[in-house]
Amino acid sequence: MRAENVSQKPKFWILHTLLIVLAFFMLVPFAWMILTSFKSLGESVHVPVIVFPKSIHWDNYIDVLYTMPFLTFYFNTIAITALKVLGTLIFSSLAAYAFARIEFPGRNVLFVILISVLMVPGQIYILPLFLIMRDFGWLNTLQAVAVPGMFDAFGVFLLRQFFLSLMKELEESAKLDGCNHLQIYWRIMLPLAKPGLIALTIFTVLASWNELLWPMIVNSSPAKMTLAVGLSWLQGRHGTNYPVLMAGSLMALWPMVLLFLTLQKHFIEGIAMTGTK
Amino acid sequence: MKAIAGRSRIKKENWLWGYSMIAPAMLGIGFFFIWPMIQTFYFSMTRWGDFGTYKFAGFDNYHRLFADHDVWKAVLNTFRYVVLAVPLSVAISILVAVMLNQKIKGLSLYRTLFFLPVITMPAAVAMVWKWLYNSDYGLLNHMLNEFSIQGSRWLTDPQLAPYSIVVVMIWSSIGFNMVILLAGLQGISKTYYEAARIDGAGVMAQFLRITLPGLTPTVFFVFIISLIGTLQVFDLIWMMVGNPSIVKFSTQSVVYLFYDAAFLTNEKGYAASIAVLIFVLVMVMTIIQMVFQKKWVHYE
Amino acid sequence: MRKLLFALLALCLTAGLAACSGSSKNGSSKVTLTYAIWDQNYQPAIEQAIRKFEDSHPNIKVKIELTPWSQYWTKLDTGATGGELPDVFWMNQINYVKYAANGIIMPLNDQMEAGQIDASIYPDGVLDYYTNEGKHYGLPFEMSSIGLFYNKKLFDAANLPYPDETWDWDDVRKAAEKLTDPANGVWGIASTMSTEANYYNTIYQNNGFIISEDKKTSGLDRPEAIEGIQFWVDFIAKKQSPSAAQMSETSSEKLFESGKIAMLYDGSWIVKEFADIDYTKENVDVTVLPKGKVSANIVAATAMSLNAKTKHPQEAWELLRYMASREAALIYSSTGSFITAVNGTQEGWVKSVPFFNLQAFIDSATKFPKPFPTSKDTMKWFTLEEEYMLKAWSQEMSVDEMAKQLAQKVNELLAQE
């Protein structure tokens with residue numbers, strides 16, 4: 001979109017002003033988190049509110065590392081997220097290709113069933129799913145959190161949309177060359193689907209990173225906990241130490257900010273090819 | 001004859017490919033999600049004692065559900081959230097997405113800022129907004145006082161609290177919608193704009209004649225996703241309003257009721273019947289959207 | 001071919017994962033026990049005691065499982081449903097009857113009769129907190145009681161003497177009136193809508209009760225109880241306490257920590273927080289609760305219970321026995337983390353915050369303790385009670401009317417138990 005010419009300059013000032021005002025409101029909670037993470041406990045609970053701490057309390061960050069095995073939580077979260085991404089990418093893309101390109105009886109019915117999974121609040125699965133995990137002997141393991149997350153109805157839905165938007169000509173010619181469906185999927189569709197796969201990766205990572213209830217229910221030993229669960233330790237029975245909680249949240253958050261900053265172009269490109277059909 | 005037989009063989013082969021390619025995902029989803037869902041349907045017809053003991057109870061839970069005043073109030077509350085939050089959020093998101101779909105300085109910074117609420121811990125979000133809304137010491141009333149406007153009890157006035165919550169819902173969903181809408185904008189062919197500019201169409205006319213119609217499929221997608229998300233709203237209300245609260249009755253959503261029944265008072269059978277109600281609501285709303293989409297969504 | 005490859009890959013992935021869960025289970029001949037707790041602040045004290053226990057029991061290894069309070073009971077409930085519970089875990093009074101009645105936790109009567117439990121080391125009656133139908137279901141290790149916290153600075157400014165053990169309800173009422181200073185945003189007292197810290201105490205001080213001995217009827221609609229509740233609601237009506245709405249936005253503790261409230265009934269659990277905050281550290285002290293017709297103080301005790309289906313009943317009992325012993329209590333006490341439940345070991349806690357008169361909590365707990373009222377399904381009526389109390393607290397309904405309606409509903413629930 002190189003539509004902008006000199007005559008539109010004043011409009012750009014309006015645009016920037018509007019954006020800055022809006023962005024400011026988006027930024028408030030984030031700034032608040034940073035400020036709170038440097039306050040003393042007394043400053044954080046004071047009324048009327050104290051906005052800027054008198055002196056900077058770095059101890060809150062040290063407290064986070066001191067009160068919990070934060071590095072283990074990092075490792076667990078990354079391992080679980082990696083497994084979920086891997087599974088989601090492989091299984092969803094396979095199924096999405098079939099739903100988009102292959103005709104077989106019951107296709108629509110199966111797809112509707114799949115979509116219905118998206119519409120149910122997660123709390124509904126928890127009890128039956130917990131019983132399944134127990135029967136597997138998977139309680140207190142990383143795979144108890146990761147494996148159900150490897151099968152993602154949203155991923156199938158998203159990538160199906162993506163494959164639908166791709167042109168059919170390429171695969172028609174591949175078919176004439178005698179390629180079977182798996183070969184078409186692997187050699188032609190997957191490389192083309194890269195932006196879609198990146199989009200799905202980010203969605204999966206985001207959902208996995210902040211997930212709270214399920215990991216908490218299936219994993220109770222600190223050695224298998226994730227960041228979100230670990231941070232919830234800081235919410236006590238009688239009051240919460242907000243400065244330490246905020247320091248911990250920020251330490252858990254920065255990888256996500258970095259991920260979005262670096263991948264956002266690909267992310268948007270990826271969804272660009274899925275959401276429109 | 002031979003050709004037909006060949007075609008049907010290819011057809012059969014295709015079926016086989018189709019089934020085997022969807023098999024891993026479908027089996028996994030079936031096992032980990034659909035099977036528990038079916039169990040939930042069954043549980044909705046049971047009465048639970050302590051620790052997973054339950055008895056078949058027929059339609060007792062549903063009788064109670066239909067007579068429960070709290071349930072219908074919660075359904076109304078949830079609809080109010082949907083009717084207010086979804087269209088407003090989508091409208092603002094369109095505006096933001098259009099603004100951020102141009103070559104301007106600090107583009108990726110802006111986009112990241114708008115996306116921040118999506119990746120921030122919900123506990124932090126709730127804490128900040130509670131402070132902003134605090135009627136005695138909050139920033140909002142403080143600023144209103146500066147302009148000699150009488151502040152309000154944003155979160156403790158039963159009339160007002162649902163709207164205060166809607167604002168936070170919108171605020172926290174803009175980032176997600178924006179990203180998807182940005183993607184939609186990039187899918188609109190540039191040649192349309194060039195043609196329009198040659199015709200001398202202004203920015204507004206371009207927006208109305210090209211951007212908006214071209215964007216409708218994406219807007220539809222965002223609508224559906226927001227609708228499902230809003231119908232399932234829970235955490236935000238739970239953390240901002242708390243339990244017990246004066247405004248609980250006027251703010252609680254259906255999933256809130258579900259949570260209370262399942263985990264607070266341990267009526268898991270009743271909770272399951274509420275879950276079924278949520279399922280039906282989401283289904284109905286989605287089908288309505290699907291039917292109406294033909295009237296306003298333009299596919300190329 | 002590729003399809004097969006993928007199928008294999010998927011299979012390996014799941015098989016590989018399953019394998020790694022299997023291997024982690026094969027330990028050595030050492031017995032590993034899990035010990036579940038909900039309070040992060042107490043963890044260092046617990047860890048010290050466990051290390052001592054492991055030293056004297058080299059064949060046992062203990063793993064601590066910390067689950068925050070907000071999720072602890074959901075998790076324990078799910079675990080009990082699935083038959084996956086820790087070997088020894090913390091228990092509270094609200095929940096134990098439910099766990100006991102369903103055979104989830106083990107009665108300790110055999111051990112009691114074998115003389116392995118020395119009942120005399122606990123304050124009178126505290127062991128009974130966890131006794132149902134003649135069976136003991138837990139050994140207490142931690143207690144909490146309630147005190148009257150007051151802001152010395154505000155008392156000085158109003159020229160009032162500090163509250164002490166001679167105070168009664170009327171003294172509180174008079175002081176609240178004098179201390180209230182709307183111009184400076186100061187309230188005389190906070191009517192927190194809290195059972196344990198507030199109105200249960202005043203109900204008992206007025207010779208009322210919450211649930212009858214036989215757990216069949218609610219006492220909330222009796223005149224004694226109504227007066228005990230009215231005591232608090234009156235402060236709100238007279239604007240000597242923040243309103244229910246105000247306190248739901250800014251907790252009474254936060255207001256107290258910022259010098260907006262002169263008197264606050266609160267539990268011993270809040271001491272650490274007040275000691276950490278400079279303002280309260282300098283300006284606050286605490287004393288025993290003022291008396292009504294009688295002195296009474298809600299004393300809660302946290303106990304440890306034994307999983308009835310533990311694979312290692314002998315080792316788990318050894319652990320529980322040690323963690324509830326006098327020796328362990330002295331270890332907890334040396335960290336000053338909480339009030340220990342063993343007589344004569346509380347000095348460590350009292351000295352942990354020398355600038356507050358913490359002895360007041362110990363005196364209350366030992367001289368006139370009242371247990372937190374419970375029945376088999378306490379959570380159900382407790383939730384209902386909160387809902388109804390709020391109507392009186394927000395002055396939507398008179399205390400009389402609310403109590404009448406509430407008691408009727410609670411009686412219905414009790415009848416179902």
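What follows is calculated from the coordinates using simple rules that are stated; it is not laboratory data. Predicted model only: the values in this text are computed from it and were never measured. Don't worry about glycine lacking a Cβ; one is built from the backbone with ideal geometry, like all the others, and counts go over all protein chains shown.
Quick rundown of the values:
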| read-out | value |
| --- | --- |
| Residue order, fewest to most beta carbons within 10 Å, for B:Arg64, B:Arg153 | B:Arg64, B:Arg153 |
| Net dipole in debye of the protein assembly as shown [+1 Lys, Arg Cβ; -1 Asp, Glu Cβ; about Cα centre; nearest 20] | 4780 debye |
| Expected 222 nm ellipticity per residue - DSSP helices of 4 or more, -39500 (n - 2.57), all of chain B, to 500 | -23000 deg cm²/dmol |
| Three principal axis lengths of region A:1-149 [C-alpha, angstrom, descending] | 65, 58, 26 |
| Under 12 Å, Cβ to Cβ, from B:Ser273 - net charge with Lys/Arg +1 and Asp/Glu -1 | 0 |
| Kirkwood hydrodynamic radius over Cα pairs of region C:294-405, then Stokes diffusion coefficient at 37 °C and 0.692 mPa s, in µm²/s | 187 µm²/s |
| Two-decimal log10 I(q)/I(0) for region B:194-274, as the Debye equation yields it once each C-alpha is a single scatterer, q = 0.11, 0.19, 0.22 Å⁻¹ | -0.53, -0.86, -1.00 |
| Cα-based convex hull, region C:119-247, per residue volume (Å³, whole number) | 156 Å³ |
| Sorted largest first, extent of region C:278-321 alpha carbons per principal axis (Å) | 51, 36, 14 |
| Net length gained if the chain between B:Lys103 and B:Gln159 were fully extended (0.36 nm per residue, minus Cα distance) | 15.8 nm |
| Beta bridges by DSSP in the protein assembly as shown, antiparallel share as percent, to the nearest 5 | 65 percent |
| Efficiency of FRET between C:Lys152 and B:Lys73 - r from beta-carbon atoms, R0 56 angstrom, step 0.05 | 0.75 |
| Segment C:Glu412-C:Asp181, length gained on full extension (0.36 nm per residue, minus Cα span) | 78.7 nm |
| Region A:51-129-region C:257-312 distance, computed between alpha-carbon centres (Å) | 40 Å |
| Centroid-to-centroid separation of region B:166-198 and region A:187-256 [C-alpha atoms, Å] | 28 Å |
| Taking A:Met26, B:Met178, C:Met323 and counting other C-beta atoms within 10 Å, the order from fewest to most | A:Met26, C:Met323, B:Met178 |
| Tail beyond 42 Å, pair distance distribution of chain C (Cα, percent) | 21 percent |
| Computed Rg/Rh of region A:6-57, alpha carbon atoms with Kirkwood Rh | 1.29 |
| Cα centre as origin, Lys/Arg/Asp/Glu Cβ charges: region A:60-272 dipole, Debye | 120 debye |
| Listed residue (B:Tyr259, C:Met106, B:Val96) projecting farthest to the positive dipole end of the protein assembly as shown, Cβ model | B:Val96 |
| Where labels lie 7 Å past Cα in the beta-carbon direction, separation of C:Asp214 and B:Phe249 in nm | 3.5 nm |
| Radius 11 Å from Cβ of A:Glu43, net charge of other residues (Lys, Arg +1; Asp, Glu -1) | 0 |
| Positive-end residue of A:Pro243, A:Leu263, A:Leu227, charge dipole of chain A with Cβ unit charges | A:Leu263 |
| Chymotrypsin sites (Phe, Trp or Tyr not before Pro) within region B:44-127: DSSP coil, no more than 12 neighbouring Cβ in 10 Å | B:Phe59 |
| Debye intensity ratio I(q)/I(0), log10, region B:2-43, q values 0.19, 0.28, 0.31 Å⁻¹ (C-alpha model) | -0.64, -0.85, -0.92 |
| Mean projection area, nm², convex hull over Cα of chain A | 21.2 nm² |
| Compactness of region C:233-366, expressed as Rg and Dmax over alpha-carbon positions, Å | 18.8, 59 |
| Nearest 10 degrees, 0 to 90: helix C:69-81 Cα axis against chain C principal axis | 40 degrees |
| DSSP H segments from chain A that extend 30 Å or more along their own axis, Cα-based, with Kyte-Doolittle mean of 1.0 or above | A:9-37, A:70-101, A:242-272 |
| Summed side-chain charge close to C:Phe53 - residues other than C:Phe53 whose Cβ falls under 12 Å, Lys, Arg +1, Asp, Glu -1 | -2 |
| At R0 = 30 Å, FRET efficiency that the Cβ-Cβ distance of C:Ala119 and C:Lys293 yields, to 0.05 | 0.45 |
| Cα shape, region C:231-297, gyration tensor, a/c 1.5 rule | oblate |
| Among the listed pairs C:Lys98/C:Lys370; C:Lys238/C:Lys291; C:Lys174/C:Lys370; C:Lys216/C:Lys254; C:Lys370/C:Lys404, those beyond 28 Å (Cα-Cα) | C:Lys216/C:Lys254 |
| Translational D in µm²/s for the protein assembly as shown (Stokes-Einstein at 37 °C, 0.692 mPa s, Kirkwood Rh from C-alpha pairs) | 106 µm²/s |
| Whole-number Å³ per residue for the convex hull built on Cα positions in chain B | 234 Å³ |
| Largest to smallest principal axis extent of the C-alpha atoms in region B:1-94, angstrom | 67, 49, 25 |
| Unit charges on C-beta of K, R, D, E only; dipole of region B:68-296, Debye | 720 debye |
| Ellipsoid equivalent to region C:80-132 - semi-axes via the Cα gyration tensor, in Å | 22, 14, 10 |
| DSSP H segments from chain B that extend 30 Å or more along their own axis, Cα-based, with Kyte-Doolittle mean of 0.5 or above | B:69-99, B:161-186, B:268-296 |
| Charge dipole (region B:68-296, unit charges on Cβ, about Cα centre) - positive-most of B:Ser152, B:Ala201, B:Leu231 | B:Ala201 |
| Order of B:Asp199, B:Asp260, C:Asp87, B:Asp68 under a 10 Å beta carbon neighbour criterion, fewest first | B:Asp199, B:Asp68, B:Asp260, C:Asp87 |
